[in-house]
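Q: Take this structure, written in structure tokens, and hold onto it; I'll ask about it next.
Values in this text are rule-based calculations from the coordinates and carry no lab data. This one's a predicted model, so the numbers in the text were calculated from it and none came from an experiment. Don't worry about glycine lacking a Cβ; one is built from the backbone with ideal geometry, like all the others, and counts go over all protein chains shown.
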Amino acid sequence: MGIRLALGAERGDILLLIVRQGMALTIVGIAIGLAAAFMLTGLMANLLYKVGARDAKTFVVAPVVFLCVAMLACYLPARRAMKVDPAHALRES
């Protein structure tokens, strides 16, 4: 990231790059997980207690929580990467 900064990338570009890549993977994972969960709920319907097999709240709240956690997990390292000194990164590589 320091090399990108040394070559002229803006700090906001670095933040956007890291967060965009992380969130793209997160969205793909959530989509696969929702599809698998939706297909497998029929097998687990008799194991659930006081919850429907296809409870709408569960299928909405869980992905939103995962998105929030993933956003935080992407943002914190991205913020740290924005603070890299380009001169130091070039000397180290």
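Q: Just the residues that are part of a loop (DSSP other than H, G, I, E, B) and either charged (D, E, K, R) or under 14 Å from the mean Cα position of the chain (by Cα) (or both), please, taken from segment 1-60. Step through it out loud before you land on a result.
A: First pass over segment 1-60, keeping only residues part of a loop (DSSP other than H, G, I, E, B): 1, 7-10, 48-55.
Scanning segment 1-60 gives GLU10, LYS50, ARG54, ASP55.
Q: Next question, about the same structure. Anything in segment 73-88 that is under 20 Å from LEU16 (Cα atoms) and either polar (S, T, N, Q) or more than 8 Å from the chain's Cα centre (by Cα) (or both)? List them, or say none.
A: Keep residues of segment 73-88 that are under 20 Å from LEU16 (Cα atoms), which gives 73-86.
If the condition is that a residue be under 20 Å from LEU16 (Cα atoms) and either polar (S, T, N, Q) or more than 8 Å from the chain's Cα centre (by Cα) (or both), then TYR75, LEU76, PRO77, ALA78, ARG79, ARG80, ALA81, MET82, LYS83, VAL84, ASP85, PRO86 are the ones that fit.
Q: Tally time: how many residues in segment 56-82 are touching a residue at least 12 places away in the same chain (Cβ under 8 Å) and either at positive phi or of a type in the set (D, E, K, R) (or both)? Quick ask: steps written out before the conclusion?
A: Filtering segment 56-82 for residues touching a residue at least 12 places away in the same chain (Cβ under 8 Å) gives 59, 63, 66-67, 70-71, 73-75, 77-79, 81-82.
Within this subset, residues satisfying the condition of being either at positive phi or of a type in the set (D, E, K, R) (or both) are 79.
Number of matching residues: 1.
Q: Filter segment 38-93 down to residues that are touching a helix residue (DSSP H, G or I) at 6+ places or on another chain (Cβ under 8 Å) and of a type in the set (Val, Ile, Thr) and give me whichever is surrounded by the fewest Cβ atoms within 10 Å (Cβ to Cβ).
A: Residue satisfying both the conditions and the ranking: VAL51.
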